[in-house]
Structure formats: C-alpha cells, structure tokens
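Since every read-out is calculated from the coordinates, none of them should be taken as a lab result. Quantities reported herein were computed from a predicted structural model and do not represent experimental measurements.
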C-alpha cells in the first residue's frame, strides 16, 4: 500500500510543512512562485504514486530525482527573495535532501548480503 512506502510518507510530511509557509508569501507571488512550488509538489507526489503502478520504476525515480533538484532551486529562490525565512529554508531543504537520499537508495539499492558472499566466493 502507498501509505507504507517511506518515500511517500517523507514527501507527505514535507508537503504538510511547506504548504502553510508558502501560503504566507506576498500576494504578488501567490499566482507565480507559490503556484509554481505547489504545482511542482503535486507533480512529484503523482510520480511517487505512479511508481507503484509500473514495472519499470527507474525512469520514474530518475524523474523524481530531477524534480527534487528543481524544487530545491525554487526553495532557494524563495529564500533569496526574502519570502522564506532562513529557518524554514534550512528545514525544508533538509527534508528535500532526505527525500533525495531515499530516492537515490531506491535507484541504486545495495546488493543483498547473500549476493556479496556469492561474489566473494568467485575469487
């Protein structure tokens, strides 16, 4: 089930954290930067959900990884413009980095212990 998927859980925590913060952006950014961040967040969660429905998961994980890079840029841009305080920026980027690490582990899983033992016996 998707709710048991750690990537989904961590990303959902991030969205719950960042959405109330970006809602406080200035009105001039409500329909620009705020909307861009929200739409990007929706796109990422859609890809996280979709990864459970396809056989070839790697292309979607690569897409998520790239989307996280752009999301970090949006957060940095918001911080540089003064819309995102330093604390909120640090917390949100730390959360996105953790999500990125999880995605990376899913892209490059470590071989199982039995596989390592089998490889060692060949030499």
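Please give the calculated 222 nm ellipticity per residue for the chain, where each DSSP H segment of at least 4 residues contributes -39500 (n - 2.57) and the sum is spread over every residue; nearest 500 deg cm²/dmol?
Details: 6 runs with 93 residues, N = 123.
Calculated at 222 nm, the ellipticity per residue is -25000 deg cm²/dmol.
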The relative contact order of the chain, taking Cα pairs under 8 Å that sit 6 or more residues apart, comes to a percentage of 30
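Based on the alpha-carbon gyration tensor of region 20-88 and its eigenvalue square roots a ≥ b ≥ c, which shape applies: rounded if a/c is under 1.5, prolate if not and a/b is larger than b/c, or oblate? Show your work: numbers first, answer last.
Working: a/c = 3.25, a/b = 2.30, b/c = 1.41.
Prolate shape, in that a/c is at least 1.5 and a/b is the bigger ratio.
Eigenvalues of the Cα gyration tensor times 5, then square-rooted: what semi-axes does that give for the chain, in whole angstrom, largest first? Please list the in-between numbers first.
Details: eigenvalues 232, 47, 27 Å².
Whole-Å semi-axes of the equivalent ellipsoid: 34, 15, 12.
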Separation of region 64-82 and region 40-55 by C-alpha centroid, Å? 19
